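A quick write-up on the structure given underneath.
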Amino acid sequence: MIKTNCLGIWMDHASAHLIEFTTDPIETNIIESGFTHGRNQDTLQKGEKSMHNKEQDEDWAFYRKISSIIEKYTEVLLFGPTDAKKELFNILKSNHAFENIKIDMKQTDKMSVNQEHAFVKEYFSKK
């Protein structure tokens, strides 16, 4: 029997909260996106095209960081209030390295840390 290891990721464009489903107390690791509002304003002064390119580069770096962690899991749940999860999902689905990882998406609102933990626990406990 293959042991599954499961990861829930609450995300928006600013950060990703990585929540490993375990029997131990659940912990959250946070990955921050490099593109902040302050940097956005600085880049905007250089031009809208420059801002768009910089934002796109930062998004790709953010998604690559998350992808490198996802590779270690057999099941992943992407959830959150924005389209960031869909963008990451599409990147993962287009990469054959992730074809053996079961990846689901759920739309949720902004959540507290405790709500995120409960959501991940409930989702993977049903399996």
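Annotations
- Count of residues meeting criterion [in contact with a strand residue (DSSP E or B) (Cβ under 6 Å, 6 or more places away or on another chain) and not aliphatic (A, V, I, L, M)] in region 20-32: 5
- Qualifying residue in region 35-57 (condition: surrounded by 14 or more Cβ atoms within 10 Å (Cβ to Cβ), modelled with pLDDT under 95 and not in a helix (DSSP H, G or I)): yes
- Condition check for K127: in a helix (DSSP H, G or I) and basic (K, R): no
- Among the residues making up region 103-124, those that are surrounded by 13 or more Cβ atoms within 10 Å (Cβ to Cβ) and in a helix (DSSP H, G or I) are V113, Q115, E116, H117, A118, F119, V120, K121, Y123, F124.
- Among the residues examined, Q107 does not qualify as modelled with pLDDT under 95 and over 10 Å from the mean Cα position of the chain (by Cα).
- All positions within region 74-102 that are of a type outside the set (K, R) and surrounded by 19 or more Cβ atoms within 10 Å (Cβ to Cβ): V76, L77, L78, F79, G80, A84, L88, L92
The values are calculated or read from the model by the stated rules, or taken from the named source; none is laboratory data. Small disclaimer: the values here were computed from a predicted structure and weren't measured. Counting neighbours? That spans all protein chains shown, and the Cβs are built from the backbone with ideal geometry, glycine included.
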